[in-house]
1. Tell me the volume per residue, in Å³, of the convex hull enclosing the alpha carbons of the chain.
2. With +1 on the Cβ of every Lys and Arg and -1 on the Cβ of every Asp and Glu, and nothing else charged, how large is the dipole of the stretch 15-139 about its Cα centre, in debye rounded to the nearest 20?
3. Could you identify which residue out of 19, 32, 129 has the top mean-square fluctuation in a GNM of the chain using Cα springs shorter than 10 Å?
4. Provide the per-residue ³J(HN,Hα) series for the stretch 9-18, in order, calculated from phi with Karplus coefficients 6.51, -1.76, 1.60 and θ = phi - 60°, each as a whole number of Hz, with x at glycine and proline positions.
5. GNM on the chain, C-alpha springs below 10 Å: top fluctuator among 99, 66, 128?
6. May I ask for the net charge around residue 33, where only other residues with Cβ less than 13 Å from the Cβ of residue 33 are counted and Lys, Arg are +1 while Asp, Glu are -1?
7. Could you calculate the contour length gain from residue 137 to residue 9, that is, 0.36 nm times the residue separation minus the distance between their Cα atoms, to one decimal place in nm?
8. Can you give the helix-only mean residue ellipticity at 222 nm for the chain, where every DSSP H stretch with n ≥ 4 adds -39500 (n - 2.57) and the sum goes over all residues, rounded to the nearest 500 deg cm²/dmol?
Amino acid sequence: MSMGPSLALLNACLNATTGVCIFLAWRAIRAGRVVAVHRRLMLTGFTLSCVFLVSYATRIVMFGNTHFRHEGAIRYAYYFLLITHVILAMVTVPLVLRTLFLALKQRFEEHRRIARITFPIWLYVCVTGVLVYLALYQF
Ligand code: HEM
């Protein structure tokens, strides 16, 4: 496998792992109110996302964009996935930073309020990131 697709695979794995981390973090706070586990997993998800951003930028700079090769209705489904993924990925950055900031400042009331918006959007971005990878490289 050449460098471009390997980096894309790495990025998809980072996306998937982030998704699993934040989902488990959400479950920890919802089910058992286990703050320590919630904190640890969210911070892990955040770190993985930072690594992802660096790795993603590296791939784009080195190899450019990849194009979807199929025609017809499936192409529109792909564009829907891609466009919602990209727009919400940009929205996620300030949301995650704000959510994290409030948690680290122990302003948990405000943290919870914004986090209920941040979490589903962030999870959507992780899942669709993996789906975009699959559509481009495995489909
Ligand atoms: C960006 C990362 C984070 C996200 C997306 C996030 C997400 C969430 C969500 C969705 C809830 C609300 C669950 C609900 O009741 O529906 C929550 C609650 C909470 N989170 Fe986070 N969290 C993050 C980081 C942290 C960190 C680093 C801490 C550190 C201690 C933390 C501590 C808490 C606490 C104590 C609550 C309960 C708040 C309350 O019910 O008053 N979170 N978080």
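A short reminder: the numbers here are calculations on the coordinates, not readings from a lab. These numbers come from a predicted model, not from an experiment. Every residue, glycine among them, receives a Cβ derived from its backbone with ideal geometry; neighbour counts consider all protein chains shown.
1. Dividing the Cα hull volume of the chain by its residues yields 111 Å³.
2. Working: 14 positive and 3 negative charges, 102 e Å.
Its charge dipole is roughly 500 debye.
3. Most flexible of the set in this elastic network: 32.
4. 5, 4, 4, 5, 5, 4, 4, 4, 5, 4
5. Looking only at 99, 66, 128, the biggest GNM fluctuation is shown by 66.
6. With Lys, Arg at +1 and Asp, Glu at -1, the net is +4.
7. Gain on stretching residue 137 to residue 9: 45.2 nm.
8. Working: 4 runs with 116 residues, N = 139.
Rounded to the nearest 500, the figure is -30000 deg cm²/dmol.
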